[in-house]
Structures are given as structure tokens and as C-alpha cells.
1. Pairs under 9 Å by beta carbon, first residue more than 7 Å from chain A (Cβ to nearest Cβ) in the stretch B:360-380, partner among the basic types (K, R) and part of a loop (DSSP other than H, G, I, E, B), six or more apart or different chains?
2. Scan the stretch A:107-125 and give yes if some residue there is of a type outside the set (V, I, T), under 21 Å from the mean Cα position of the chain (by Cα) and under 19 Å from A:S80 (Cα atoms), otherwise no.
3. For B:Y313, indicate whether it is closer than 30 Å to A:F120 by Cβ and within 13 Å of chain A (Cβ to nearest Cβ).
4. Could you tell me whether the stretch B:264-279 includes any residue that is hydroxyl-bearing (S, T, Y) and closer than 27 Å to B:A60 by Cβ?
5. State all residues of the stretch A:42-69 that are without any contact (Cβ under 8 Å) to a residue 60 or more places away in the chain and either of a type in the set (D, E) or touching an Asp or Glu at 6+ places or on another chain (Cβ under 8 Å) (or both); if no residue qualifies, say none.
6. Show me the strands (runs of 3 or more DSSP E) entirely contained within the stretch B:1-84 in which 3 or more residues are at pLDDT 95 or above and either within 30 Å of A:G109 (Cβ to Cβ) or within 25 Å of the chain's Cα centre (by Cα) (or both).
7. Test each condition in (1) buried (at least 22 other Cβ atoms within 10 Å of the Cβ); (2) within 9 Å of chain B (Cβ to nearest Cβ); (3) not in a strand (DSSP E or B) for A:S95 and report the one that comes out false.
8. Go through the stretch A:110-161 and count every residue that is closer than 16 Å to A:F56 by Cβ, more than 9 Å from every other protein chain (Cβ to nearest Cβ), outside any loop (DSSP other than H, G, I, E, B) and in contact with a helix residue (DSSP H, G or I) (Cβ under 8 Å, 6 or more places away or on another chain).
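The values are calculated or read from the model by the stated rules, or taken from the named source; none is laboratory data. Here the structure is a predicted model, which means the values were calculated and not measured. Cβ placement follows ideal geometry from the backbone for every residue including glycine, while neighbour counts extend to all protein chains displayed.
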Amino acid sequence: MDIPFTRHTLGNGLSVILHEDHDCPIVAVNLWYHVGSKNEVPGRTGFAHLFEHLMFEGSAHHDRGYFHPLQEAGALLNGSTSSDRTNYWEVVPTSAFELALWMESDRMGFLLPALTAAKFNNQRDVVLNERRQNYENRPYGLATMATVAALYAPDHPYHWLTIGSADDLRASSLEEAHAFFARYYHPANASLAIAGDIEPDVALALADRYFGDIAPGPPVAPVLRDATLPAPVRLLQEDRVELPRVYLAWHSPAMFKAGDAELDLVSDVLANGKTSRLYRALVYSRRIATEVAAFQNSRELGSFFQVIATAAPGRTLAELETAIDEEMATLAAEGPDSDEMERSLAQAEAQFVYRLQTVGGFGGKSDQLNAYNTFIGQPGFFDQDLARYRNATAEGLRSTLATYLCGQPRVSLSVVPKGQIELAAPFDGRAVVQ
Amino acid sequence: MSPVDRSRLPVPGTSPSYRFPEVRKVRLPNGLCVWTVEHRSVPVVTLVLLVGVGSAADPAARPGLASLTGDMLDEGAGDRSALEVHDALARIGASFDTEVGPDATLLTLTTLDRFRQRGLRLLADLVLRPRFDPDEFERVRQLRANRLRQLRDLPPALADRAFASLLYGSHPYGHLAIGSEDALQQIALEDVRQYHRRAYRPSAITLVAVGDASHEQLLADASEAFGHWPESDPDPTIAEALARALQPPAAAPARLALVDRPGAAQSELRLGHVAVPRSTPDYHALVLLNMVLGGQFVSRINMNLREGKGFTYGARTSFDFRRGPGPFQLQVSVQTAVTGEAIREAIGELRAIRAERPVTPQELELARAALTRGYPRNFETAEQIARSTAQLALYGLPDNYFERFVPTIEALRLDDVLRVARAHLDDERVTTLVVGDRAIVEPGLATLGLGVAEALLPA
């Protein structure tokens, strides 16, 4: 995987990573701030994501919408917030490279003078509508919220999703936004990747020119929290859905830690495509489920592994959960066969290459350079990352599955159509979502 | 370097004109077109197989047939069972997708270049030699029935279905490709077999191959996989259905309709009317107009409903350009309490842009720049190039279409945009659909002067 790059650190601590690629006359400017919903506290959940919205509302020297000049220059741009980080990116024609640097640096250096109560209130309304649209008004939209709330203790920063609670969003204030910016949005807590049609020397000089004068901020202490689930949790949620669905979740090794790649491959063997074990058994052969999915949700403080299955009409979630347990137990006993290993490695490798076809955007080369730099301090971790998959063995998958999932305490959440509790797997209580 | 001048924004320089890569076109003796493009930056190949027949060709009593047929292609083909097909796809790390739209069926397969020949042979098996096994058919039909059932709870899906029917009635564009629960029970395996025979003919297909190989290699591999497929005669029923889709639907009056969802957190809205086909000479001007109205973040609709009022997470408009007259529509999901007001604002914007607040020169230049300056980024990956190339085939666009896009947009004048706004947008003809909580939204709807909302049952 040949992604040549150089990394530099400006005087104020900002990481600058450069990657040259002249195939297309475009430049990707990609900026990560190492702050996400894990930096929030109970009572103010959803704040990091709300703050991301405020970053698009103008800064001191361009106190108007962020999109306007960039769209006028032919840019594509966006941002996103996860539990662990917030990213912003522009993909611009080569001739607008400086404009993108100007805009990103102005909001890093000079956001607050332009951040007014009117903007704050407007974007809070927008985010509340985002929450309604993507969570409250969507079938099963509150299930993952309920899952993480049960999997993590109330004061653990993964106890809530990035969208946060509606009450917390309503209670948040403009003053808190100012304090949040001062604490997290500064050069030493950020990483700037520039990829595409650039001359690296020129790009570095420009990055220094636009970002170099921004004052360094206070060091951000890493969030350190362990999480365990002392005992199984079994919950019920009634929702406006037609078919019941079961959500199983376990704690699992953190991103890039031993076992993380193995569990990613285990999720493929279990539920990626029609040849996967759960699909074959539950959907294809027995036809007790209409769809299955499995994910290793890799995160900084600790990951969680999920298996999700939707019941076919007339089937119960108890039946599904038993079938899932049987398949997982078999895999934990025998391990994957050589066909399964070949398929999952081929898919992992191909997905790796597909992601690197673009210089910018979510998942493109600039985003990946920043991910590696932010989480492990090595922007060029591509080959080592892929090696984690190539070096994985059938026995490694088997033992990781046996160690972290099978027989370990988990959250089991049944989501059933309103009034059809008899379709749920056994439960001890109702899920609570804020 | 000098310190940054923060008193003004850097002005982007001019961009070099864009050269779309060469598309080489060859028609095989059986009538199948193979179009190849060399794209050497990453060892990846994307194959797009375009069948120029989609859901508009569904028989009136069998909506969903084209889509169900598409679903059956990878459920056993050639000498492979359903599971073996997917085993073969996984072994080459393929990313594979079948999409059935109103005008076309599109199979897209991306794989690493070293698996190019395997990918092509597999794709040929799916299209030429699907097994259509009865057991697999029953299973797939049941899965689709379950999927349709789940869509009853998805507001955007409810809205899309009801809106297509409101605008088009019994016209071929009046149903969604996925069909309906009732119709699904009527579709027999024999319907699927027959549809496949009629619609999947070599001369109805263009295979686009884009990747890290020469034209000659791409063509040779494609010919080897698809060249043996015997030619067959055009089918009159398909031809008749395609012709019908080109005609405008019966004129429908503006309507206000509602699908009741008690307790819904938001109202899912659709506003619009039947507009023009892809072949309209006004295409480029309408693309510009739509950018101003609702086609980008800084458009009027989004700035009003999201950034001004905070009613929604996002609002947009689109002209869906099809072979026949496609819909113009505004779509947005708004907080329940403001439903009436959001509709009033939306219709107001549609009226204003063709009357009291026409597109300004500044808005036009912003839209023009947004479309032209970033143009090359639309063609960065093999898949982007392959899908774009397939559009040329589907709509019969000239070879130099992508080369000419930027100059054509640059040549348009404000008058052109004002004219197409008056010609192709009509707030008087707008049909409005609300999927939301009737009890809460009704008082607001009553103040709109659009009459009483007719209740639609979720189909």
C-alpha cells in the first residue's frame, strides 16, 4: 500500500500531514479535532456534535455561512462527530486550496467573536430536528441508544450517543459553547491532512502561514475509563415497527488493540454476505430471520461488538437469540474454515483498497492519514493496519471469539411492535432512553 | 511569507478545462455494446452493466416485476447455486449491487484488477444464465414481502410511494420499483422468467468497463464473457411499455393529501409536480435553477427552512430527469408543530423564484461556479467514471457530453434561467403530501387555502 506522506509539527503543536497525488486537479483539506462525545459529561450530552454545527456558521473574519464561499469555489465539504473525534473536510479544485486553508484556519483561530446566541439557538433547533428525523421518527431509531446506555455505566462517556439527549441539548448554553471551544479547538488538539494536487513544500509553507499564528491551547488530558458489564442485562423496548429485532452487544478490545482486527473478521464470518454463518443459518436455511448484521464497533476507550437480527413474521426473538448463540458457540469451538478465512481476508483487503481511491471525503486518503495520526500517532500505519488482518489466523479468530463474546455478559435488547411483548426474548426490564 | 490578510478571502484562480477520459465503444456481433475507459491510478476495476429497461416496464398488474427479477439474478446462476454465487463474489472481494430504477436496471461490480476476468465471467453468468430456482424464488419473495412490510413504518418510504401515485396515477412512473405487498403475491416465477427473456437482450445492454487495464484488455475480457450470448428479437410488450413512459401522464389537479401517523415526531413532506424529461433542451438551465432553489446547502429552500427557521435538519429540491417526464419535487422532514408554516414557506419559495424574487445575478454566478469549478472531482474513481459513462448510454447523450458540460453551463444567461423557471415550475400545480400526525397538523393545513387534506391510506 504505497501512500507516501510527510508529517510536520508547527510551532503551536498542529500536526500537518502531506500526501501528493496529481491524478485529479483537486486538493483535500481534512482537519481532525481530537474531541468527541466521549469528552462530554452527563447532563450535557450531545454537545460535541452541536458544536460541530456551530463551526459552519461563520467566524470573525467571515461572519456569514461557511458553505457559501467554498461552494462558490466548487468545493464539496462536510463534517462529522463520533464518540472519539470530530472531523471537517473540503475537497476543492487546486486553485481554491488557499481558500480552504483560510476558511479552516479562521474558524480554528477566530470562531468565538462570531458565535452569537441567535446562531446557537438556531443550530440547536436544527440538531433537535436531526434527532427527530434520524432517531425518534425512524423505526428502531432508539435501539442503539438504549444498548449503549445499558452497556456503559451512567458516568462512562460511551453511555450516550453523539446525538445526545434532547433535554441536555435544550439545557446547553452559549457560554458552554465558548468554553468548549477554548478547551478543545486549538492546534495541539488537531491534525491537518492535505492530500492531492499539491507541491508539498508549498503546501507546508501555506499551512504554516494560515495556521502557524494560532495560539496553542491548554493540553487536553486523555479520557481514560474502563468499562465492564458485571452481569447480563436483558431489556425490552416497544416501538412503531412491524417486525421484532434483537440487539446483542458485548464489550470488546479497543481500536487497534489485540483482538480488534480478529473480531472485525469474526463479524464478517458471522454476518457479511449470504455465505456468512448467521445469514446462512437464520435467513437462508431456517428462514426465521429476515436480516442479520454484526459489527466490531472499534473505539478508543474500548469497543463493542454487536449482533443484530430481525425476526421473520411469526417468529420470536427468543428463538433468534438461541440460534445466534448456537452459531457463535460452534464458531468458538471449531473456528472458521479455510474458505471463510479466504473470503473474509479478500473482502477486508479489497475494502482497504477501495477506500483509498479518493483523496478526500469521509474515509478517503486524507481522512485515513488523520485517523492513524490521531489515534496512534502514525499517519502511515496503512501496511501495519492491513497486516493485522493478513496475519490473523483461524485459531486467532476462534480464541478471540471464545474469550470476549461467548459466555460473557452482554446486553440483549428486544425491540418489538407495540403491544406484542410476547415476541420478545426474556427480559428483566424496559430500556430507558432519554 | 507575508502574514495572512484576513480582511478578504483568497480569490480562487481559474481551473484548467476538464478532459473526460476517452470512452471506446464497440458493438459485439450479438448487439451488446462494450464501452471501455482506462483508469490507471488504483488497481481496481468497476463494471457497470446497464439494461435499458426498468420499473416503468412493469406490467400494470405486476408492479415490482423488474425489481424482483433483478433480485433473482444473484440467487443461483450458471453452474453455481445461490450460496456459491456469493462465495465467488466474496473470494474476489467484490462489491456488488443491483439497482432497478424507472428507466433502467444497473448492475455494478467493483473488484481488484487482478480479479477482472473472474468478475466479468461472474457478471455474465448472473445476467445470461440465472437459474430462477423455485425454492430460491419463494425465499426471495418472502424476504421482499417482509421488507415491504417494514417500509410501512419508514416515513420517507411512505411518502415516496404515495407521492409517485399522486403525481402519476396509472402512468408507468406511478409506482416505485419495489412494488407493493399486494402485487408481490400475484407475481409468479414464470413472470420473472418471461420478463428476463424479454428485457435482458444483448442489444438492450451496454457494458461499461473502467479500470487499471488497456482498452484492448478490457474489451477482450468483456467479449470473452459476453460474446457468446445469442441475439434475440426485440419484444413488443417491452417496446410498448417504454413508449408509454415517454408520454406525459394525464393532467392532475393540485392536491393536498395526508397519510396519518399519530404520534409522529416529524412530518415528512413532498411538494411538486410532473416536469420534463432528460431530453429537454432546457436541461442545463434547470440544473442551474435547481442549485439556486434547493440543490445545495446554500440554496433558498435550505437557508429558509433550516438555517433561518430551524424547522428541519435539511431541505432540498430536485428535478428527477428521466427518459419520460420526471417529477420536480421538494422534500423535507419538519418538526410536527410547524408543518403548515413549513408548507407555506416552501410554496412561497416556489412562487417567488418565478415571480417576485427571481434568480439574481449573484445567485446565478454562485450556482454556476459551484457546478463548474469542482467538476473534475466527479470523476475521481473508477466507479464514478463508470456510472457517468452509463448515463451517456441510458440517455443517448453525445460522446463529448462531459467535455461540453462546463462550457454549456458557462454560456447560459440569467434570462435563460428566468425563462425555464417560468416554463417548468408552477406553484399553482403543486401537489402537497404530508406524512404525519393529522390531529396536530390539520389546523395549520387548514390555513393554507389548499382545501381539506384528503386522507390517504398507507398503501
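1. If the second residue must be among the basic types (K, R) and part of a loop (DSSP other than H, G, I, E, B), the pairs left are B:L364/B:R413.
2. We begin by selecting, within the stretch A:107-125, every residue of a type outside the set (V, I, T); these are A:107-115, A:117-125.
Of the ones still in play, those that are also under 21 Å from the mean Cα position of the chain (by Cα) are none.
No, the conditions are met nowhere in the stretch A:107-125.
3. Working: closer than 30 Å to A:F120 by Cβ: yes; within 13 Å of chain A (Cβ to nearest Cβ): yes.
Yes, satisfied.
4. Taking the stretch B:264-279 and keeping what is hydroxyl-bearing (S, T, Y), we get B:267, B:279.
Filter once more, keeping what is closer than 27 Å to B:A60 by Cβ: B:279.
Yes, because at least one residue in the stretch B:264-279 is hydroxyl-bearing (S, T, Y) and closer than 27 Å to B:A60 by Cβ.
5. Passing the criteria: A:E52, A:S59, A:A60, A:H61, A:H62, A:D63, A:G65, A:Y66.
6. On the way: elements: B:24-27, B:33-38, B:44-51.
Those strands (runs of 3 or more DSSP E) span B:33-38, B:44-51.
7. (1)
8. 3
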